[in-house]
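The values are calculated or read from the model by the stated rules, or taken from the named source; none is laboratory data. Quick caveat, the model's predicted, so the values are computed rather than measured. Backbone-built Cβ (ideal geometry, glycine too); neighbour counts: all protein chains shown.
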């Protein structure tokens, strides 16, 4: 039918619709014969448009090595920008085929190309929990400390996804454990958000600064106070966390605990020297999403704490979970339109 339409004058370059053009649709749906036919009829291998940006990106996301090779042989740019993931290499990582990732790198794909959503291909591999891809990308020059995307850097992404093996790989390869960026600003805050004592200990053992300030939540101790993890609060205090440090949305750990009406955490902090009266001050750097502050106002948190009854413990948990879940921006891949004749799926 397509061949007949082309013979009757159909424009092989026509743009429009979900797939952008016929070549992109054929590539995404892994129709090798159709890809070859369209190219023979003069389809532009560089054409941009549609939900997948370009044909090479679509083929990479589909994980079809044969079609990727055909498009590259016809001159497709391996570093062309387009689609949700930004580049064919990112798409190949999310597509899940190591051989395709290796092929694109061999064809000189930029391993440090940035995408607004997922940062670099290394971050993408981390998010997928792919140790093999992480190792390949690092061996080919991926910048382990590159900043960008929702997760800030590869290490923070690994911590948020609780991929301990990958965290260890990154640290062993020289990842900066105090690198700032992303919603939680640093890996230690991310570990606190996940209430993961093993990862928090691992980071601290490798030089994570327990008192580093920044981000929406201020510091790791504040995050622990919000989650209500007594074990994490105790760990951070044992490691020298400044209990009265001021930064972020709640300004102090005590006020963070107050926001959750968590009597156990409030008492724990007060027992360890939390100042019941503190000034609000402007936050440190890396204040993604922090509201406008009023430095001169004060809260008497000691008086407020007296109003917190044991029956109220955990009352703020639903809001807290939403807050942290929004901050742990999973940025999951969008639902991919089903291939012709197939059921809907996510990649």
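Quick notes on this structure:
- When 69, 73 are screened for being free of Cβ contacts under 8 Å to residues at least 24 places away in the same chain and either surrounded by fewer than 21 Cβ atoms within 10 Å (Cβ to Cβ) or not assigned by TED's automatic domain parsing to the domain that holds residue 125 (or both), only 73 passes.
- Counting only helices (runs of 4 or more DSSP H) that fall entirely inside segment 152-193 and contain at least 2 residues that are touching a strand residue (DSSP E or B) at 6+ places or on another chain (Cβ under 9 Å) and not assigned by TED's automatic domain parsing to the domain that holds residue 208, the qualifying elements are 154-160.
- Tally, over segment 208-228, of residues that are free of Cβ contacts under 8 Å to residues at least 40 places away in the same chain and more than 28 Å from residue 172 (Cβ to Cβ): 1
- Test: residue in segment 8-24 that is at pLDDT 80 or above, outside the structural domain of residue 144 (by TED's automatic domain parsing), within 30 Å of residue 138 (Cβ to Cβ) and not in a helix (DSSP H, G or I): no
One line per residue, one yes/no per condition, for (1) part of a helix (DSSP H, G or I); (2) farther than 26 Å from residue 179 by Cα; (3) at pLDDT below 90:
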{"position": "214", "(1), (2), (3)": "no, no, yes"}
{"position": "218", "(1), (2), (3)": "no, no, yes"}
{"position": "221", "(1), (2), (3)": "yes, no, no"}
{"position": "235", "(1), (2), (3)": "yes, no, no"}
{"position": "287", "(1), (2), (3)": "no, no, yes"}
{"position": "292", "(1), (2), (3)": "no, no, yes"}
{"position": "295", "(1), (2), (3)": "no, yes, yes"}
{"position": "302", "(1), (2), (3)": "yes, yes, yes"}
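- Taken together, 274, 231, 264 contain a single residue that is touching a residue at least 12 places away in the same chain (Cβ under 8 Å), on the phi < 0 side of the Ramachandran plot and either surrounded by 22 or more Cβ atoms within 10 Å (Cβ to Cβ) or in the same structural domain as residue 168 (by TED's automatic domain parsing) (or both), which is 274.
- In segment 240-251, residue farthest from residue 212 (Cα to Cα) [restricted to those that are without any contact (Cβ under 8 Å) to a residue 40 or more places away in the chain and part of a loop (DSSP other than H, G, I, E, B)]: 250
- Total residues in segment 33-65 satisfying the condition of being out of contact with any helix residue (DSSP H, G or I) (no Cβ under 6 Å at 6 or more places or on another chain) and part of a helix (DSSP H, G or I): the figure is 5.
- Whichever residue in segment 112-125 is farther than 14 Å from residue 97 by Cα and within 9 Å of the chain's Cα centre (by Cα) and, among such residues, is surrounded by the fewest Cβ atoms within 10 Å (Cβ to Cβ): 117
- Count - residues of segment 133-142 that are over 16 Å from residue 172 (Cβ atoms) and surrounded by fewer than 18 Cβ atoms within 10 Å (Cβ to Cβ): 2
- Verdict on residue 99 being outside the structural domain of residue 201 (by TED's automatic domain parsing), outside any loop (DSSP other than H, G, I, E, B), buried (at least 23 other Cβ atoms within 10 Å of the Cβ) and modelled with pLDDT of 95 or more: no
- Flag for residue 138 being under 23 Å from residue 51 (Cβ atoms), in a helix (DSSP H, G or I), more than 13 Å from the chain's Cα centre (by Cα) and at pLDDT 95 or above: no
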